[in-house]
Amino acid sequence: MKYFSLNHKSPKTSFKQAVINGIAPDKGLYFPENIPQLEHDFFEKIENYSNQEIAFKVIKPFIENEIPDEKLKEIIAETLSFDFPTIKVNETTYSLELFHGPTMAFKDVGAYFMARCLGYFNHIDKSSHSTVLVATSGDTGGAVASGFLGVEGVQVVILYPSGKVSDIQEKQLTTLGQNINALEIDGVFDDCQDMVKIAFLDEDFRELNLTSANSINIARWLPQMFYYFFAYKQLKHLGKELVVSVPSGNFGNICAGMLAQKMGLPIKQFIASTNINDTVPNYLNTGNYELRNSKPTISNAMDVGNPSNFIRIKELFEQSFSDLKQGLKSYSFTDAQTKEAMKELYNEYDYIADPHGAVGYLGLEKYKSEEKTNSEVGVFLETAHPCKFIDVVESTLNLKVEIPHKIAEIIDKKKVSVKAKSYEDLKAFLLNK
Ligand SMILES: *Cc1c(COP(=O)(O)O)cnc(C)c1O
């Protein structure tokens, strides 16, 4: 499989090179040159396959022989070491829980998979090495730190805004050691993001082979397809059509789901549910794509004004606005609505949702009321464990959230970070590594 740049100015490249580059030289996102089709028979028998077998079948055509089968199976096994249950909320609604991974954020799958692909490529090119540079406002950093820990030939440098991430999130970034370095920036998330952007253009870092670990990288984006196959496998026996609502920020996750659908996965409708950062719902309503500054909300992993993966969704629909409007419904919700949804889920159905999952639930409800339909089964993706957003969950629902052991144990570990005030500080740190 070859990958082309959506800016169409860079040459096509291999899976390996696209993973190493992250973004194409012309600054475009990589996209597969064709979309593999899975045979009907696979879907007929999907319940006979294990999750790991499904993942192998789905990702193999995107990698072909660039990673040997045995190695690819090993990477998949390490990436999918936990469950992805669909929990029944009511007769027509299920929650697909993606938070049972090591850092309890759905980004674990993408981060683990990408880290192991990069580690394998470094391993076969003995002398090769890379530096992963990432800015985080919270969850991404933890998943990346955990996913890349101890991976051969990779140094990880995570920039986070001092005092602006939760205690648990900070500990997830700063306590692992080995090849994971945390830079504590005196500023806000946008300052971290700006420094990372400048660093990628800085010729002085040529030798470091800087790469990013955000959802732009195809090795983080593509494995997110797996979730949707796992949902189908579990809910197929209901014999109903599936409607899937994805709480969306950078639109990487939903874009992977829509790619799965184009490969043949029977999903009737996708819904992109957002908070008040409504660039996409607004675009689908008006046809105008207006970039905005992001606004803070209680579902803050989705506070994105310019969703980086949306351009890939447009490509899936071959740039046709009318097809896109058919294939993707999108709605936005306020924090007040999100809290109401959390209460409804808890009081009526005994389900504790985090604010991101609640936004997903709202999207399903809105779709049902607009389409006046009840014949389908709705699935919303629950992208974070409630303990990751414990303050909002506890104050909204008036209860205590139990912190799972694997998260709680980190609290007592010692934080190690390097403070940085300016780009020069970042530069000095990277050049000394
Ligand atoms: C990253 C994230 C999202 C948004 O996913 P995108 O792929 O950026 O759309 C939703 N929920 C949580 C908890 C996240 O961490």
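Scanning segment 396-433 for residues that are free of Cβ contacts under 8 Å to residues at least 40 places away in the same chain and of a type in the set (S, T, N, Q) returns 398, 422, 432. Tell me, please, whether a residue that is surrounded by fewer than 20 Cβ atoms within 10 Å (Cβ to Cβ) and either of a type outside the set (Asp, Glu) or at pLDDT below 95 (or both) can be found in segment 240-250. Yes, the conditions are met somewhere in segment 240-250. When you scan segment 367-378, do you find a residue that is surrounded by 23 or more Cβ atoms within 10 Å (Cβ to Cβ) and closer than 15 Å to residue 273 by Cα, even just one? Yes, segment 367-378 contains a residue that is surrounded by 23 or more Cβ atoms within 10 Å (Cβ to Cβ) and closer than 15 Å to residue 273 by Cα.
Scanning segment 261-276 for residues that are among the small types (Gly, Ala, Ser) and either within 9 Å of the ligand (Cβ to nearest atom) or part of a loop (DSSP other than H, G, I, E, B) (or both) turns up 264, 272.
Checking each residue in segment 282-319 for being among the acidic types (Asp, Glu) and surrounded by 17 or more Cβ atoms within 10 Å (Cβ to Cβ) picks out only 303. Annotation: residue 213 fulfils all but one of (1) over 20 Å from residue 18 (Cβ atoms); (2) at pLDDT below 95; (3) touching a strand residue (DSSP E or B) at 6+ places or on another chain (Cβ under 6 Å); (4) surrounded by 21 or more Cβ atoms within 10 Å (Cβ to Cβ); the unmet one is (1).
Scanning segment 209-237 for residues that are touching a helix residue (DSSP H, G or I) at 6+ places or on another chain (Cβ under 6 Å), assigned to a helix (DSSP H, G or I) and within 16 Å of the ligand (Cβ to nearest atom) yields a count of 10. Quickly run through segment 293-349 and pick out the residues that are away from the ligand (no atom under 16 Å from the Cβ) and touching a Gly at 6+ places or on another chain (Cβ under 7 Å). Of everything in segment 293-349, those that are away from the ligand (no atom under 16 Å from the Cβ) and touching a Gly at 6+ places or on another chain (Cβ under 7 Å) turn out to be 293, 317, 321. In segment 350-360, what residues are away from the ligand (no atom under 13 Å from the Cβ) and surrounded by 24 or more Cβ atoms within 10 Å (Cβ to Cβ)? Result: no residue meets the conditions.
In segment 180-199, the residue that is surrounded by the fewest Cβ atoms within 10 Å (Cβ to Cβ) out of those that are in contact with a Leu (Cβ under 9 Å, 6 or more places away or on another chain) and under 15 Å from residue 428 (Cα atoms) is 198.
Results for (1) surrounded by fewer than 24 Cβ atoms within 10 Å (Cβ to Cβ); (2) more than 16 Å from the chain's Cα centre (by Cα); (3) within 23 Å of residue 15 (Cα to Cα), shown as yes or no for each residue.
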{"residue": "104", "(1), (2), (3)": "no, no, no"}
{"residue": "110", "(1), (2), (3)": "no, no, yes"}
{"residue": "115", "(1), (2), (3)": "no, no, yes"}
{"residue": "129", "(1), (2), (3)": "yes, yes, yes"}
{"residue": "132", "(1), (2), (3)": "no, yes, yes"}
{"residue": "136", "(1), (2), (3)": "no, no, no"}
{"residue": "144", "(1), (2), (3)": "no, no, yes"}
{"residue": "155", "(1), (2), (3)": "yes, yes, yes"}
{"residue": "159", "(1), (2), (3)": "no, yes, no"}
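Residue count for segment 238-260 satisfying the condition of being in contact (Cβ under 8 Å) with a residue 40 or more places away in the chain, out of contact with any Pro (no Cβ under 9 Å at 6 or more places or on another chain) and more than 16 Å from the ligand (Cβ to nearest atom): 3.
On inspection, residue 278 qualifies as surrounded by 14 or more Cβ atoms within 10 Å (Cβ to Cβ), touching a residue at least 40 places away in the same chain (Cβ under 8 Å), touching a strand residue (DSSP E or B) at 6+ places or on another chain (Cβ under 9 Å) and among the acidic types (Asp, Glu).
The values are calculated or read from the model by the stated rules, or taken from the named source; none is laboratory data. Computed from a predicted model, the values in this text were never measured in an experiment. Cβ atoms come from the backbone with ideal geometry, glycine included; neighbour counts cover every protein chain shown.
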